[in-house]
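Let me begin by presenting the structure, written as structure tokens, before commenting on it.
All of the numbers you see were taken from the coordinates with simple rules; none came from a lab. What you see is a predicted model, and the numbers here were worked out from it, not measured in a lab. Backbone-built Cβ (ideal geometry, glycine too); neighbour counts: all protein chains shown.
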Amino acid sequence: MDRAYKVYAIENGTVIDHIPTPMALKVVEILGIGNEGIFTIGVGFLSKRHPGGKDIVKIENRILLESETDTIALIAPDATINIIRNGKVSEKRRISIPATIHGVMECPNPNCATNKLGAARHFTLENREQMTYRCSYCERVAAVKPENLTAPV
Amino acid sequence: MISLRDMTIEDLWTIVRRSAELKQGSHQMCLRGKTVASLFFEPSTRTRLSFESAVLKSGGQVFGFADPGASSQKKGESFSDSVRTVTGYCDAMVIRHPVEGAARLASETATVPVINAGDGANQHPTQTFLDLFTIHEEFQRLEGLKIGIMGDLKYGRTVHSLTHAMSMFKAEMVFISPPSLKMPPAILQELDEKGITYTTAESPDDASGMNLDVLYVTRIQKERFGDPQEYKNVAHSYRIDRNTVRNLGEQVRVMHPLPRVDEIAEEVDAMPNAIYFRQAHNGVPTRQALLGLVTGGIE
């Protein structure tokens with residue numbers, strides 16, 4: 001049976017579309033919005049762009065900052081962002097991977113000051129095509145991997 | 001003074017020039033009235049003693065610890081709290097720590113200049129400064145030299161820092177190592193991006209005929225090998241003796257950050273090509289210059 005909506009529309013907030021399945025929960029995790037109010041997740045929609053399916057995240061009453069939406073590109077570089085105000089799309093946002101990453105990426109080097117001495121996680125972009133970043137503390141270059149991304153700390 | 005990555009070529013030249021001036025007798029007492037904390041959270045001989053000698057020779061005072069067991073960390077104090085406390089006792093802080101990034105973290109908390117005296121496998125910038133000073137002393141230039149770097153190229157922080165610094169001076173490089181201890185691809189990629197010419201070799205004999213200006217030898221660390229026999233085979237093939245040096249040519253200067261184990265035969269010590277003890281001694285004027293620069297005693 002057809003349903004009127006697979007994921008209900010929101011009146012105000014942010015819609016993140018074209019997230020490759022099954023990364024929606026990871027997106028919610030790195031945005032750190034898990035305890036911040038209502039968000040809706042749709043998983044496994046048909047997609048021409050993503051043969052394995054796409055996910056959608058709708059966040060109610062929260063307009064994400066550009067610095068937040070660029071972080072999503074670490075997991076879903078093709079994601080699109082729609083900002084909804086009064087039930088209408090007021091802004092369509094393209095995202096690109098950020099020049100720096102604060103908090104959400106764990107340094108894979110176990111002997112790094114971020115893992116051993118409580119230094120704040122901080123990376124700077126090393127190579128955009130390869131999506132590698134250099135840790136500001138141990139100075140190792142690391143490729144972005146979903147398993148190294150966490151809620152912001 | 002945390003990492004070579006923060007430094008420009010002009011900064012390196014300043015340190016090399018001021019070190020030479022120090023060695024020639026200028027800037028004496030450049031640390032008069034200054035107190036330097038020497039915080040060694042990991043054992044060290046050469047680096048610690050040469051820093052302490054540098055402070056004393058320049059008229060400053062030095063205090064600290066050479067053994068982490070003697071610090072409050074043993075009582076459970078955090079590293080950042082230790083730094084925040086000691087920063088009020090001194091005019092500059094020299095830190096060695098086994099954790100990579102510890103000196104950077106300290107510099108964010110300290111209100112006095114922090115000098116990185118080695119942070120785990122990451123950086124050992126003052127070793128590179130004294131290497132550069134020594135190379136300049138030998139050749140009166142740093143640009144366009146041909147440097148062979150031999151030993152544990154995979155894990156050695158000294159060779160990584162030296163490679164980075166020499167690439168700033170457009171050196172041509174020859175990396176000599178066993179296959180299992182090759183230079184990490186990320187570093188080679190950086191050299192490619194900078195347009196630096198380099199070749200790789202598996203034996204110092206492969207470098208004969210290459211007309212190297214410097215052969216920089218480092219220790220092959222036994223603990224990197226799972227199989228003791230494999231270590232023995234490799235260690236033997238990486239031993240530099242008089243014949244190896246002769247084959248490399250009269251022009252070659254043999255350097256080593258020390259301590260050596262058996263990678264350079266003692267018979268090489270008497271050859272005019274062997275400059276590793278002079279290199280170690282240059283740690284003092286280099287660290288005098290650096291301390292003078294960061295505390296304002298030298299401009």
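Using the Cβ-Cβ distance between B:Glu137 and A:Leu65 with R0 set to 56 Å, the FRET efficiency works out to roughly 0.55.
Mean sequence separation of contacting Cα pairs (under 8 Å, at least six apart), scaled by the length of the range A:100-148, corresponds to a relative contact order of 33 percent.
Note down the magnitude of the dipole of chain B about its Cα centre, charges +1 on Lys and Arg C-beta and -1 on Asp and Glu C-beta and zero elsewhere, to the nearest 20 debye. Before the final figure, lay out each step's value.
Numbers: 32 positive and 37 negative charges, 144 e Å.
For this selection, approximately 700 debye.
Taking every DSSP bridge with both residues inside the range B:34-176, close to 5 percent are antiparallel. Computed from Cα atoms alone, the Kirkwood hydrodynamic radius reported for chain B is 19.8 Å. Against the main long axis of the alpha-carbon atoms of chain B, helix B:283-295 sits at an angle near 40°. Exposure proxy ranking for B:Arg253, B:Arg287, based on other Cβ atoms within 10 angstrom of each Cβ and starting from the fewest, stands as B:Arg253, B:Arg287.
Between B:Lys222, B:Lys75, B:Lys146, the Gaussian network model of chain B with springs among Cα atoms under 10 angstrom shows the greatest mean-square fluctuation at B:Lys75.
Applying a threshold of 29 Å to the alpha-carbon distances of B:Lys194/B:Lys222; B:Lys75/B:Lys154; A:Lys145/B:Lys154; A:Lys92/B:Lys194; A:Lys26/A:Lys116 flags B:Lys194/B:Lys222; B:Lys75/B:Lys154; A:Lys92/B:Lys194 as lying beyond it. If you wrap the range A:7-119 in the convex hull of its Cα atoms and look at it from every side, the mean projected area works out to 7.9 nm². The string of couplings for the range A:34-48 from the Karplus curve (6.51, -1.76, 1.60, θ = phi - 60°) is x, 10, 9, x, 8, 9, 10, 10, x, 10, x, 6, 5, 8, 6 Hz, one whole number per residue in order, with x for Gly and Pro. Calculated on the Cα set of the range A:100-148, radius of gyration then Dmax: 9.8, 31 Å. For the range B:1-154, the Kirkwood estimate of hydrodynamic radius, built from reciprocal distances between every pair of different alpha carbons, is 16.6 Å.
Rounded to the nearest 0.05, what FRET efficiency is calculated for B:Asn211 and B:Gln28 with R0 set to 56 Å and r the Cβ-Cβ distance? Walk me through the numbers on the way to the answer.
Numbers: r = 39 Å, r/R0 = 0.70.
Once rounded, the FRET efficiency stands at 0.90.
Viscosity 1.306 mPa s, temperature 10 °C: Stokes-Einstein D of the range B:78-214 from its Kirkwood Cα radius, in µm² per second? Present the calculation step by step, with values, prior to reporting the outcome.
Working: Rh = 16.5 Å.
In µm²/s, the coefficient is 96.
By the equivalent-ellipsoid construction on the alpha carbon gyration tensor, the protein assembly as shown comes out with semi-axes of 49, 28, 19 Å, ordered largest to smallest.
Scanning chain A for chymotrypsin sites (Phe, Trp or Tyr not before Pro) that sit in a DSSP loop and have at most 12 other Cβ atoms within 10 Å, the longest stretch containing none of them is A:9-153.
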